[in-house]
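Down below is the structure, laid out as structure tokens.
Computed from the coordinates by the stated procedures, all read-outs in this text should not be read as laboratory data. For clarity, every value in this text was computed on a predicted model and none was experimentally measured. Cβ: placed from backbone, ideal geometry, glycine included. Neighbour counts: every protein chain shown.
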């Protein structure tokens with residue numbers, strides 16, 4: 001019998017294991033990851049980490065190792081134009097800070113984040129089983145009996161599914177989802193440019209969707225290029241010259257000559273929201289609970305907010321001698337996270353529908369709205385605070401940089 005079975009060894013699963021084990025070292029926490037050994041090290045992508053998530057990683061003891069590879073986002077520029085427009089007017093800029101001297105977000109290479117979290121998990125005594133997944137489970141009064149892909153079974157007081165947006169465990173638990181396919185895909189790659197980006201991220205709203213460039217170390221940027229799925233597939237199949245010509249049309253020449261230095265992949269965009277986040281002795285976290293459009297860069301940060309809330313729920317119950325696997329205890333986590341997640345899902349859905357089109361009256365209305373926001377410092381600061389996820393009154397302590 002173990003205390004917590006975490007299905008999924010990505011950022012959310014690992015950070016949850018570290019958060020719980022740091023605060024309650026007596027608990028037996030284990031991570032089972034279906035991915036083969038070393039797969040995370042081959043991930044060329046980078047992620048936007050909000051200030052609140054950075055504080056969480058700092059408390060967990062993971063940030064110091066991540067920091068040398070993290071690039072602060074010091075400014076965000078938003079434009080709205082057609083692809084062929086020679087000039088892209090800036091309608092909105094965000095150049096504030098979460099707190100004095102603290103950038104509101106960072107770009108972090110995904111392998112750096114996983115390496116640090118795995119190292120911390122190992123130091124705390126968290127067992128990580130690689131290449132083994134949960135394929136079924138049966139719920140009893142006091143534990144879950146989890147069947148593994150190798151035929152073994154494990155009894156656990158709590159099963160946490162961090163197994164992605166197409167979570168099989170969520171389906172086995174009978175939890176329904178709200179899902180909408182946008183018919184869009186995001187081309188993700190890394191580019192190198194002649195001139196420094198100076199920590200500036202840009203999001204260009206083009207007719208097919210947002211084209212975002214996000215700053216990395218060493219004159220490089222992470223690219224998230226939104227296109228209709230058929231167009232994204234065609235671009236990936238095109239030769240390098242065609243791809244780079246289309247890239248240059250969107251990126252421009254402001255940073256000098258550019259070249260692709262990373263692999264190119266496309267990921268489909270959809271809105272997926274679980275109707276429930278918990279069941280008896282079962283909880284969803286990360287993409288298993290929610291998948292949203294990346295237009296706001298909040299997908300992974302929602303997962304870290306799940307970690308902060310679920311870890312605090314588990315640890316506080318354990319300190320009081322209460323069985324944290326009981327449904328009435330887990331419902332506190334659900335109440336903490338479900339409304340915020342649905343609100344963010346709806347917000348990104350509306351933004352994507354507003355900006356992924358070339359309907360002239362809509363363009364005029366949204367550009368007017370952006371320019372109004374740009375002229376109201378108080379409103380801009382509010383949006384910066386929201387994007388930073390720094391944790392206000394009533395939010396989980398880890399997001400505010402406070403240990404459990």
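Convex hull volume of the Cα atoms of the chain, normalised per residue: 136 Å³. Computed over segment 169-217, the range of Cα coordinates on each principal axis works out to 52, 27, 15 Å, biggest value leading.
Highest-first packing order for the peptide set 54-67, 334-347 is 54-67, 334-347, based on the mean count of other beta carbon atoms within 10 Å. Of 21, 168, 217, 305, the sequence from fewest to most neighbouring Cβ atoms within 10 angstrom is 217, 168, 21, 305. Stretching the chain fully between residue 99 and residue 275 yields a gain of 59.9 nm (0.36 nm per residue, less the alpha carbon separation).
Built from the Cα atoms of segment 40-173, the convex hull projects on average onto 12.9 nm², one quarter of its surface area. Panel note: the C-alpha atoms of segment 94-167, placed on their principal axes, show extents of 52, 24, 24 Å (largest first). Distance between the C-alpha centres of segment 253-272 and segment 163-236: 8 Å, rounded to the whole angstrom. Of the candidates 36, 111, 215, which one comes out as most mobile in a Gaussian network treatment of the chain with C-alpha springs shorter than 10 Å? Result: 36 has the largest fluctuation of those listed. Would you work out if segment 126-267 is rounded, prolate or oblate? Take a ≥ b ≥ c from the square roots of the eigenvalues of the alpha-carbon gyration tensor; rounded if a/c is under 1.5, else prolate when a/b is larger than b/c, oblate otherwise. Here segment 126-267 falls in the prolate category. Stokes-Einstein, applied to the Kirkwood radius of segment 289-337 over Cα pairs at a viscosity of 1.567 mPa s and 4 °C, places its translational diffusion at 110 µm² s⁻¹.
If both residues of a DSSP beta bridge must be in the chain, then about 75% of such bridges are antiparallel. Remark: relative contact order (the chain) = 22 percent; criterion is Cα-Cα distance under 8 angstrom and separation of 6 or more residues. Structure remark: mean-square fluctuation, Gaussian network model of the chain, C-alpha springs under 10 Å; the largest value among 389, 218, 110 belongs to 218. Taking the empirical scaling 2.2 N^0.38 Å for compact globular proteins as reference, segment 208-348 has a Cα radius of gyration ratio of 1.41. Given a 10 angstrom Cα cut-off, can you work out which residue in 255, 271, 241 is the most mobile in a GNM of the chain? Most flexible of the set in this elastic network: 241.
Relative to the longest principal axis of the Cα atoms of the chain, helix 299-319 runs at roughly 20 degrees. Using the average count of surrounding beta-carbon atoms within 10 Å as a protection proxy, the listed peptides 3-12, 184-193, 23-32 rank, highest first, as 3-12, 184-193, 23-32.
Evaluated over the Cα positions of segment 268-313, the convex hull gives a direction-averaged projected area, one quarter of its surface, of 3.5 nm².
Cα-Cα pairs above 17 Å in segment 218-285: how many percent? In whole percent, the share of Cα-Cα pairs in segment 218-285 beyond 17 Å is 57. Using a Förster radius of 30 Å, what is the FRET efficiency between residue 339 and residue 42 based on their Cβ-Cβ separation? Nearest 0.05, please. Between residue 339 and residue 42 the formula returns 0.25. Site pair residue 136 and residue 265 shows an inter-label distance of 3.1 nm when each label is modelled 7 Å from Cα along Cα→Cβ.
Label-to-label distance, residue 150 versus residue 26, with points set 7 angstrom from Cα along the beta-carbon direction: 3.0 nm.
Let me know the shape class of segment 184-248, please: from the alpha-carbon gyration tensor, a ≥ b ≥ c as square roots of the eigenvalues, rounded when a/c is under 1.5, otherwise prolate if a/b is greater than b/c, or oblate.
oblate
Extension gain for the segment residue 181 to residue 236, taken as residue separation times 0.36 nm less the Cα-Cα distance, is 17.8 nm to one decimal.
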